[in-house]
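A.B. asks: Have a look at this one.
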Amino acid sequence: MKSKKILEVCLSPDLGGLELYMSRCSNELSKEFELFCVVSKSSKLKDYLDNALEVFELKRKSSFSLLSSLKLAKIIDEKGIDIVHLHWTKDIPIVVFAKIFSKRKPKIVQTRHMTMTRFKDDFYHKFLYKNIDTIICVTKTLEQQIEMFIPKKIRPETKTLYLGAENAEFFSKEEIQSFKDKFKVKDSFMISLIGRINEFKGQHLLIDAIKELKRKI
């Protein structure tokens, strides 16, 4: 049976959890499928895509670029792509129009990492989501948001797939106690938030919540 050809797309210039997850997907999918990648020319991802058969670069100036879509459509047709997998929400217009312009009309799968906070029932969003086949949500709450905000008639199939962690290990009781002893917190209840430090990640909200908990308890 001929192996399917998958094109991973991420034109984000950053190197955070979303982008690194794209690289993990690429490395895992390359074990079973013919895997190609498209990143932006300013991308920091290039060094993390060793297992791709080929990595293409696109210049991205805005959320929709006709030239970028035409170039992506050419890659889809020349490489015989069956499935386009995108991660960054801002790439949706470029990928959807690339599908429209291409001769192959590949399936589009989006892994959605960010929350959805408003209805997508205008003509433009209906057109975009009608051309996406599947949305993979990284949390169950996100899947519920998509079911709430995207009209059922044009809503893609949704699935929840947690990001997970590689080589997860549990700390022993002795290691936990040693950590608490080091910071002299005795047997306090401990909370952790994992992510880069900036306002969008909400560390300040956690600090405010802990302050409120201390006031109440």
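A.B. asks: I'd like the full set of residues that are open to solvent by 40 Å² or more (accessible area, probe 1.4 Å) and either free of Cβ contacts under 8 Å to residues at least 60 places away in the same chain or not charged (D, E, K, R) (or both), limited to region 76-102.
C.D. replies: Answer for region 76-102, where residues must be open to solvent by 40 Å² or more (accessible area, probe 1.4 Å) and either free of Cβ contacts under 8 Å to residues at least 60 places away in the same chain or not charged (D, E, K, R) (or both): Asp77, Glu78, Ile83, Trp88, Thr89, Phe97, Ile100, Phe101.
A.B. asks: Continuing with this model, one more query. I need the full set of residues from region 13-29 which are in a loop (DSSP other than H, G, I, E, B) and either among the acidic types (Asp, Glu) or under 18 Å from Ile108 (Cα atoms) (or both), in order please.
C.D. replies: Asp14
A.B. asks: If you take the residues of region 121-132 that are in a loop (DSSP other than H, G, I, E, B) and within 19 Å of the chain's Cα centre (by Cα), which of them is nearest to Leu163 (Cα to Cα)?
C.D. replies: Ile132
A.B. asks: Within region 103-125, how many residues turn out to be exposed (fewer than 15 other Cβ atoms within 10 Å of the Cβ), touching a residue at least 24 places away in the same chain (Cβ under 8 Å) and farther than 19 Å from His85 by Cα?
C.D. replies: The number of residues fulfilling the criteria is 4.
A.B. asks: What residue, among those in region 154-204 that are open to solvent by 80 Å² or more (accessible area, probe 1.4 Å) and part of a strand (DSSP E or B), is farthest from Lys120 (Cα to Cα)?
C.D. replies: If we take residues in region 154-204 being open to solvent by 80 Å² or more (accessible area, probe 1.4 Å) and part of a strand (DSSP E or B), then Lys159 is farthest from Lys120 (Cα to Cα).
A.B. asks: What residue, of Val109, Val96, Val84, is in contact with an Asp or Glu (Cβ under 7 Å, 6 or more places away or on another chain), within 19 Å of Leu11 (Cβ to Cβ), at pLDDT 95 or above and of a type outside the set (D, E, K, R)?
C.D. replies: Among Val109, Val96, Val84, only Val109 is in contact with an Asp or Glu (Cβ under 7 Å, 6 or more places away or on another chain), within 19 Å of Leu11 (Cβ to Cβ), at pLDDT 95 or above and of a type outside the set (D, E, K, R).
A.B. asks: Which is under 22 Å from Leu86 (Cβ atoms), in contact with an Asp or Glu (Cβ under 7 Å, 6 or more places away or on another chain) and free of Cβ contacts under 8 Å to residues at least 60 places away in the same chain, of Thr141, Thr158? Even if it seems obvious, please write down each step before you answer.
C.D. replies: Details: Thr141 fails: in contact with an Asp or Glu (Cβ under 7 Å, 6 or more places away or on another chain).
Only one candidate qualifies: Thr158.
A quick yes/no check of all residues on (1) at pLDDT below 95; (2) closer than 26 Å to Phe200 by Cβ; (3) surrounded by fewer than 19 Cβ atoms within 10 Å (Cβ to Cβ):
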{"residue": "Met1", "(1), (2), (3)": "yes, no, yes"}
{"residue": "Arg24", "(1), (2), (3)": "yes, yes, yes"}
{"residue": "Glu28", "(1), (2), (3)": "yes, no, yes"}
{"residue": "Leu45", "(1), (2), (3)": "yes, yes, no"}
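A.B. asks: Considering only residues that are part of a helix (DSSP H, G or I), closer than 27 Å to Gly17 by Cα, touching a Lys or Arg at 6+ places or on another chain (Cβ under 8 Å) and not hydrophobic (A, V, I, L, M, F, W, C), which ones fall in region 58-90?
C.D. replies: Ser68, Thr89
A.B. asks: Still on this model: Please state which one of Lys59, Lys31 is without any contact (Cβ under 8 Å) to a residue 60 or more places away in the chain and touching a Ser or Thr at 6+ places or on another chain (Cβ under 8 Å). Working first, answer last.
C.D. replies: Working: Lys31 fails: touching a Ser or Thr at 6+ places or on another chain (Cβ under 8 Å).
Criteria check complete, one pass: Lys59.
A.B. asks: Given (1) open to solvent by 20 Å² or more (accessible area, probe 1.4 Å); (2) closer than 15 Å to Val109 by Cβ; (3) among the aliphatic types (A, V, I, L, M); (4) touching a helix residue (DSSP H, G or I) at 6+ places or on another chain (Cβ under 7 Å), where does Val55 come up short, assuming only one miss?
C.D. replies: Unmet condition: (2).
A.B. asks: Can you tell which of Ile146, Ile135 is more than 23 Å from Phe36 (Cα to Cα), of a type in the set (Val, Ile, Thr) and not in a loop (DSSP other than H, G, I, E, B)?
C.D. replies: Residue meeting the stated conditions: Ile146.
The values are calculated or read from the model by the stated rules, or taken from the named source; none is laboratory data. For clarity, every value in this text was computed on a predicted model and none was experimentally measured. All Cβ positions, even for glycine, are placed from backbone atoms using ideal geometry, and neighbour counts span all protein chains on display. These area figures cover heavy atoms from the full protein model, side chains too; ligands, DNA and RNA do not enter into them. Shrake-Rupley method; radii C 1.70, N 1.55, O 1.52, S 1.80 Å.
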